[in-house]
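Chemist: First the structure, which I've put down as structure tokens, then a few questions once you've had a look.
The values are calculated or read from the model by the stated rules, or taken from the named source; none is laboratory data. All values reported here derive from a predicted model rather than from experimental measurement. Counting neighbours? That spans all protein chains shown, and the Cβs are built from the backbone with ideal geometry, glycine included.
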Amino acid sequence: MKYKSQKIAWYFFAACMGLFLLQLVYGFIMGFAHMGMDGLHDIIPFNAASATHKNLLVVWLLAGFMGAAYWIIPEESGRELWSIKLAWVQLASLLLVGVTAVIGFHLNWWEGRKFLEIPRELDFLVVVNVLAFLFNLLMTIWKGKRITTTASVLFFGLLSAALLYLPGMITFDNIVFDSFFRWWVVHLWVEGVWELIMGAIMSYLLIKLTGVDREVIEKWLYIIVGFTFLSGILGTGHHYYYTGAPGYWLMIGGIFSALEPLAFLGMAMYAIAMARKGGRKHPNKIALTWTIGCAVMSFVGAGFLGFAHTLPSVNMYTHGTLITGMHGHMAFWGAYAMLILAMIAYVLPQVTGRKRYTDWKAEWAFWTSNIGMTGMVGAFAVMGVVQVYLERKGGMDFLEVQEQLHVHAAGLVIAAALFTMGIVLFFMNFCSYGMPNDETLGQED
Amino acid sequence: MLTKSAAKAFFLGGTVICAAAFVFLTVDTIAQFPDRSHEENMTPEVIHGFEIWTENNCMGCHTLMGEGAYYAPELTQVFRRRGEAWMTEFLKDPQAFYPNRRKMVQYDFYDAKKVGKEEAAKNIADTIAFFNWVGDIDLNGFTGDPNNGPEQDIEKAAAKAAAPTAAASASVDQLATLRSLNAVCAGCHTIGGGALVGPDLAGVANRFDAKYLTKWIQEPSTIKADTTMPNLGLGDAQVKELVDFLLTLK
Ligand code: HEM
Ligand code: HEM
Ligand SMILES: [Fe+2]
């Protein structure tokens, strides 16, 4: 850890851990409901659980990005963070907004807009919060010694993510408009600017962990995010096939979204190639494992499973079925959840001053969670395929099909239990490092 | 080999071109939305129905136009599938329609006892108006629902029933009433298609007489206290017509 103010990252990561575990609780509520065990229906109906599950995911990933940025930007800029106080205020208010939103969901205070259920009133607080965050970063970069490609891609990604939140705040009374602009946020985030953030964080990790020359890594960073935007922007069309938009989106969305996996494939190949090429044997092996794992699983979840239902002729049948749930889990897990966990794994030994790099808990956390998630995605896949065939092709009634799926939902819950064990191990490992301190202050990693 | 500045140019160039194309297509798409979604039919009732839809996060369980969660049925074509009569009855007390199955939230604003008869009726009617409007949006062929079972059922059953018995040669008018009622009944019953929530009604005329059937439809719970069949609150004329039809199902 080079600068004192980088310690703030740990507190953001601690918030991530808490929100993530809570997210999983709501996942189980929904998993059991899919099994036919909906005993909580009167207190936490399915829609409350699903809004909470999805929003906690978004909030903890954002907290993770912020923590990562507060760690990376000072180091890349060569100075302390501009204002540590502002960062604290910003963390506290982020948590406040998140917790208020979650409580609101249980009291029917929300908007029926998937992933953006947070009510408009709170949206404004989110905007202020993110502005404070970006301002803090900008001042740090501005007053810093240098501006690296990694830092500018990271900042540009975060800034665009903030700007793209705005179209989601416009109110429409026509659902077709509402849905159209909701995708400006959701799709252009996960298949656009978040990939920039991912590319930048991954570059940072690869530079540190493999010792490959910065110039080489950053060159590839440009190529990969170039492919991301080349395919991802017009790829938004894969959400416009059947939601009221004109027919030309079938072709445009089909072609460009079919190219999106290339960016993820590029990322995976690049991470593996750099790890092989790198002469440096960094002792933090588990951080490298998470980094490579993230690159590979994001290709599987977003690239491969995204491609599986992105062509209009397939999407006609899979649109709005559990097939989407299959893809959504692996994509978010591989690309973004694992990225944050990689960053945490990298930062942890430095920020706590403990030179302990591997441990059975850390290793088991990686494998158990990934095997568990693969099982969950398998269960979703079976449920989705059965649903498509019985309901969309065979014409069987929705609820009857869902009853056939109870047994597979049990499979989902069992795999989720394994996954959760992995995450709990990760959390235990996180706790075992103790609180952040200044022991490694001033040391370049 | 490619230099870093060439890579940067590739990134910036590609992004600018694609973003420009995207903005251009967005402008065109937005210009087409009013037509494609029949904005001319967006009455205040429809808009109010949409407000009910978002304010209560119905999308947290259902999908509409294929978007939402996967716990409850796809609703894009629900108006065509079920019709107004069925939906009106259903929304009053959703759990009564699918006992022991997945539960829908029982909303106060649809409950005459909680918000008054008029208010509840308006909320239900506006919700249905919204679904009716959504069903007409041009979705490039997506319906999310190849199963139009109930409607086909009545055609077949009415044809079969009407053919052999002269008494049941229902007038066109009658058939229309029956069809609208059928949309209600077919949520739970079939005629010759096996038991769903309620029993198969094929041959029901062999099992019960007019008096029993009338009483049953008017007030199911007086005959069987724990029955899951709701009181549909039909008028006497409708009940009679319905019983006449049921008596043809031999
Ligand atoms: C890390 C990147 C990605 C993440 C986190 C992600 C996540 C998701 C999520 C959560 C949904 C459901 C959205 C909703 O219904 O509200 C979704 C839908 C979809 N995704 Fe992705 N995705 C990613 C990348 C991709 C890629 C690269 C492709 C194509 C190759 C793709 C294809 C699709 C398609 C076609 C749908 C629409 C499914 C439907 O019709 O219901 N995704 N994605
Ligand atoms: C204990 C583990 C988990 C369980 C049991 C679980 C279960 C579920 C269930 C049942 C749904 C709702 C499907 C529906 O709409 O009917 C859901 C939605 C979702 N979950 Fe999870 N989940 C878990 C963990 C996760 C994790 C770790 C992530 C992300 C990294 C995640 C991301 C999502 C997303 C994005 C959706 C929305 C998907 C869509 O609608 O397409 N979940 N989850
Ligand atoms: Fe997408």
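Chemist: Looking at the structure I just gave you, is B:Ala31 within 9 Å of another protein chain (Cβ to nearest Cβ), free of Cβ contacts under 8 Å to residues at least 12 places away in the same chain, hydrophobic (A, V, I, L, M, F, W, C) and more than 27 Å from A:Asp38 (Cβ to Cβ)?
Modeler: Against the criterion (within 9 Å of another protein chain (Cβ to nearest Cβ), free of Cβ contacts under 8 Å to residues at least 12 places away in the same chain, hydrophobic (A, V, I, L, M, F, W, C) and more than 27 Å from A:Asp38 (Cβ to Cβ)), B:Ala31 does not qualify.
Chemist: Scan region B:65-90 residue by residue and report those that are touching a Phe, Trp or Tyr at 6+ places or on another chain (Cβ under 8 Å) and either among the β-branched types (Val, Ile, Thr) or more than 11 Å from every other protein chain (Cβ to nearest Cβ) (or both). If you could, list the steps in order and put the result at the bottom.
Modeler: We begin by selecting, within region B:65-90, every residue touching a Phe, Trp or Tyr at 6+ places or on another chain (Cβ under 8 Å); these are B:65-66, B:69, B:71-76, B:78-79, B:82, B:87, B:89-90.
Correct list: B:Thr76, B:Val78, B:Phe79, B:Arg82, B:Met87, B:Glu89, B:Phe90.
Chemist: May I pose another question? Scan A:Leu259, A:Leu234, A:Leu230 and give me the residue that is in a helix (DSSP H, G or I), more than 8 Å from chain B (Cβ to nearest Cβ) and surrounded by fewer than 24 Cβ atoms within 10 Å (Cβ to Cβ). Lay out the reasoning, then the answer.
Modeler: Details: A:Leu234 fails: more than 8 Å from chain B (Cβ to nearest Cβ); A:Leu230 fails: more than 8 Å from chain B (Cβ to nearest Cβ).
Of A:Leu259, A:Leu234, A:Leu230, the one residue that is in a helix (DSSP H, G or I), more than 8 Å from chain B (Cβ to nearest Cβ) and surrounded by fewer than 24 Cβ atoms within 10 Å (Cβ to Cβ) is A:Leu259.
Chemist: Looking at region A:408-438 only, could you name the residues that are among the aromatic types (Phe, Trp, Tyr) and over 18 Å from A:Pro349 (Cα atoms)?
Modeler: Going through region A:408-438, the residues among the aromatic types (Phe, Trp, Tyr) turn out to be A:419, A:426-427, A:430, A:433.
Answer for region A:408-438, where residues must be among the aromatic types (Phe, Trp, Tyr) and over 18 Å from A:Pro349 (Cα atoms): just A:Phe419.
Chemist: What number goes with the only condition from (1) away from chain B (no Cβ under 14 Å); (2) hydroxyl-bearing (Ser, Thr, Tyr); (3) buried (at least 18 other Cβ atoms within 10 Å of the Cβ) that A:Tyr26 does not pass?
Modeler: (1)
Chemist: Of B:His38, B:His62, which residue is more than 8 Å from chain A (Cβ to nearest Cβ), in contact with a Gly (Cβ under 7 Å, 6 or more places away or on another chain) and at pLDDT 95 or above?
Modeler: On the way: B:His38 fails: in contact with a Gly (Cβ under 7 Å, 6 or more places away or on another chain).
Selected residue: B:His62, the only one of B:His38, B:His62 that is more than 8 Å from chain A (Cβ to nearest Cβ), in contact with a Gly (Cβ under 7 Å, 6 or more places away or on another chain) and at pLDDT 95 or above.
Chemist: To continue, here is another question. Scan region A:168-177 and tell me whether some residue there is under 24 Å from A:Gly306 (Cβ atoms), within 23 Å of the chain's Cα centre (by Cα) and surrounded by fewer than 24 Cβ atoms within 10 Å (Cβ to Cβ).
Modeler: Yes: one or more hits.
Chemist: Checking A:Tyr270 against (1) within 14 Å of another protein chain (Cβ to nearest Cβ); (2) within 16 Å of ligand 2 (Cβ to nearest atom), only one condition comes out false. Which one?
Modeler: Tallying (1) within 14 Å of another protein chain (Cβ to nearest Cβ); (2) within 16 Å of ligand 2 (Cβ to nearest atom), A:Tyr270 fails exactly one: (2).
Chemist: Just to be sure, is A:Val190 farther than 15 Å from A:Leu154 by Cβ, modelled with pLDDT of 95 or more, part of a helix (DSSP H, G or I) and of a type in the set (A, V, I, L, M, F, W, C)? Even if it seems obvious, please write down each step before you answer.
Modeler: Values: farther than 15 Å from A:Leu154 by Cβ: yes; modelled with pLDDT of 95 or more: yes; part of a helix (DSSP H, G or I): yes; of a type in the set (A, V, I, L, M, F, W, C): yes.
Yes: the conditions hold for A:Val190.
Chemist: Any idea how many residues of region B:196-210 are over 9 Å from B:Val243 (Cβ atoms), free of Cβ contacts under 8 Å to residues at least 40 places away in the same chain and in a helix (DSSP H, G or I)?
Modeler: Count: 1.
Okay, residues lined up against (1) near ligand 2 (Cβ under 10 Å from one of its atoms); (2) closer than 25 Å to A:Cys16 by Cβ:
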| position | (1), (2) |
| --- | --- |
| A:Leu40 | no, no |
| A:Pro45 | no, no |
| A:Lys54 | yes, yes |
| A:Trp60 | yes, yes |
| A:Ala63 | no, yes |
| A:Ala69 | no, yes |
| A:Glu80 | no, yes |
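Chemist: So which residues in region A:309-353 are assigned to a helix (DSSP H, G or I), away from ligand 3 (no atom under 13 Å from the Cβ), farther than 20 Å from A:Phe65 by Cα and free of Cβ contacts under 8 Å to residues at least 60 places away in the same chain, if there are any at all?
Modeler: As a first pass, look at region A:309-353 and keep what is assigned to a helix (DSSP H, G or I): A:312-318, A:322-352.
Filter once more, so that each one left must be away from ligand 3 (no atom under 13 Å from the Cβ): A:312-314, A:316-318, A:322-323, A:325-326, A:329-330, A:333-334, A:336-352.
Still in the running and farther than 20 Å from A:Phe65 by Cα: A:312-314, A:316-318, A:322-323, A:325-326.
A:Ser313, A:Val314, A:Gly325, A:Met326, listed by residue number.
Chemist: Still on this structure: So A:Lys361 ticks every box in (1) surrounded by fewer than 15 Cβ atoms within 10 Å (Cβ to Cβ); (2) among the basic types (Lys, Arg); (3) in a helix (DSSP H, G or I) but one. Which box is left unticked?
Modeler: (1)
Chemist: Also: Look at B:Asp108 and say whether it is within 30 Å of A:Ile44 (Cβ to Cβ) and more than 7 Å from chain A (Cβ to nearest Cβ).
Modeler: Numbers: within 30 Å of A:Ile44 (Cβ to Cβ): yes; more than 7 Å from chain A (Cβ to nearest Cβ): yes.
So B:Asp108 fits the description; yes.
Chemist: Restricting to region A:251-276, give me the number of residues that are in contact with a helix residue (DSSP H, G or I) (Cβ under 7 Å, 6 or more places away or on another chain), away from ligand 1 (no atom under 12 Å from the Cβ) and either more than 17 Å from A:Gly199 (Cβ to Cβ) or not small (Gly, Ala, Ser) (or both).
Modeler: Total satisfying the criteria: 4.
Chemist: If you don't mind, there's one more thing I want to ask. Residues of region A:1-25 being part of a helix (DSSP H, G or I) and either over 20 Å from the mean Cα position of the chain (by Cα) or farther than 30 Å from A:Val413 by Cα (or both), which ones? Talk me through it step by step, then tell me what you get.
Modeler: Taking region A:1-25 as the starting set, the residues that turn out to be part of a helix (DSSP H, G or I) are A:4-25.
Within region A:1-25, A:Lys4, A:Ser5, A:Gln6, A:Lys7, A:Ile8, A:Ala9, A:Trp10, A:Tyr11 meet the criteria.
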